[in-house]
Amino acid sequence: MSILSRRHILGGAGALAGVSLVRGQDMQARSTAVHEAFSFVFMTDTHLQPELDATKGCQMAFRAINKERADFVVQGGDHVFDALGVSKERANKLIDLYEMTEQVIGKKIYHTIGNHDCFGVYEQSGASLSDPEFGKNYFRRIYGQTYYTFVHKGVNFIVLDSIGITDDRKYEGRYDAVQLAWLKVTLDALPAGAPIIVVTHIPMVTAFGTYTDLDHTKLRPSALCTVNTRDVLALLHGHNVLAVLQGHTHVLEHVELNGVPYITGGAICGNWWHGEHLGTPEGYMVVHVDQGSVRTEYKTYGFQTVSPQQTAF
């Protein structure tokens with residue numbers, strides 16, 4: 001059983017961690033709707049585990065986020081490393097450790113499901129398909145629904161579930177039919193011109209496959225990008241999407257398609273706690289939203305890996 005659900009943690013404190021500005025970039029989006037300016041933190045791919053000083057790294061990052069002038073935090077998925085292929089005992093220890101560690105943030109947190117947040121999918125876990133926490137139920141027990149919407153100061157946030165679990169017990173990037181029907185109803189109910197920010201773990205739109213250091217002979221494209229992106233783009237077409245925030249690939253990336261920025265937010269863990277990944281260090285993103293303009297800052301927090309295996313161009 002989880003120690004305490006993060007949805008109920010509203011307070012907390014921590015010492016200021018080392019924070020440095022990596023880069024900031026203005027991303028202009030089409031908007032005529034009026035809304036109040038605000039900032040929030042987008043952090044993704046924490047991959048918390050007891051090994052590699054990962055708990056210490058998360059503590060450092062969360063203390064830095066605690067000090068940010070931000071209204072709330074969006075967690076972009078892959079909270080732990082890893083629930084896919086481990087025993088139930090190990091998976092529960094990981095999520096309990098994450099819940100306890102995240103309390104230092106002291107802000108409202110919205111959670112996105114990642115592929116590593118699904119329990120027992122790989123056969124080596126020994127998990128039964130009938131286990132009540134199998135797959136996404138592991139995430140649901142702590143955080144509730146895997147896709148949902150909320151409104152903040154006039155901006156509509158839509159958090160999506162990009163994880164598909166295949167019959168042969170693998171994961172892929174996919175939005176299922178039930179979710180797509182829900183998304184259509186949700187979008188149709190919005191006033192014309194309503195500003196929207198979408199959150200997804202596995203990217204909808206990315207150039208990652210063109211420069212990744214992973215072995216292209218072993219890559220599964222469905223594990224790097226959602227396979228039915230076009231279905232979602234068709235639903236979003238004609239709506240006022242300010243940005244789509246993404247995780248999963250551990251790189252800082254901005255790709256613009258039809259005037260919409262698709263922003264991949266790096267990773268708290270960098271190269272899975274081994275240093276930088278393709279030039280992106282361990283960090284999180286502060287997102288500033290002001291009258292249809294989305295400006296981002298990627299910030300590092302001073303973590304030093306105990307096992308350097310940095311990847312670079």
Among DSSP beta bridges lying fully in the chain, give the percent that are antiparallel, nearest 5.
65
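Tell me whether region 35-131 comes out rounded, prolate or oblate; compute the Cα gyration tensor, take square roots of the eigenvalues as a ≥ b ≥ c, and use a/c under 1.5 as the rounded threshold. Provide the component values of the computation, followed by the final result.
Working: a/c = 3.06, a/b = 1.87, b/c = 1.63.
Judged from the Cα gyration tensor, region 35-131 comes out prolate (a/c at least 1.5, a/b above b/c).
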Any idea of residue 141's accessible area? Nearest 10 Å², probe 1.4 Å.
80
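In what order, largest first, do 53, 167, 188, 131 sit by accessible area if the probe radius is 1.4 Å? Walk me through the numbers before you get to the answer.
Values: 53 60, 167 160, 188 100, 131 35 Å².
Largest accessible area first, the list is 167, 188, 53, 131.
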If DNA, RNA and ligands are ignored and the probe is 1.4 Å, what is the ranking of 51, 253 by accessible area, most exposed first?
51, 253
Sorting 55, 146 on solvent-accessible surface, 1.4 Å probe, most exposed first, gives 55, 146
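How high is the relative contact order of region 229-313, given as a whole-number percent (alpha carbon pairs under 8 Å, six or more residues apart)?
On the way: 152 pairs, mean separation 19.7, N = 85.
Across region 229-313, relative contact order equals 23 percent.
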Please work out which option in [x] 38; [y] 47; [z] 56 gives percent of Cα pairs over 27 Å apart calculated from these coordinates, and answer with its label.
[x]
State, as an integer percentage, the relative contact order of the chain based on alpha-carbon contacts under 8 Å between residues 6 or more apart.
25
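Does region 48-194 classify as rounded, prolate or oblate by the C-alpha gyration tensor (a ≥ b ≥ c root eigenvalues; a/c under 1.5 gives rounded; else a/b over b/c gives prolate, otherwise oblate)?
The shape class here is oblate.
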Which distance in nm do the two modelled labels at residue 137 and residue 168 give, with both placed 7 Å along the Cα-to-Cβ direction?
2.5
Rounded to whole Å, give me the distance from the Cα center of region 90-116 to that of region 174-247.
24
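The values are calculated or read from the model by the stated rules, or taken from the named source; none is laboratory data. From a predicted model like this one, the values you see are computed outputs, not experimental measurements. Neighbour counts run over all protein chains shown; Cβ positions are idealised from the backbone, glycine included. Calculation scope for accessible area: heavy atoms of the full protein, side chains included, ligands and nucleic acids excluded. Shrake-Rupley method; radii C 1.70, N 1.55, O 1.52, S 1.80 Å.
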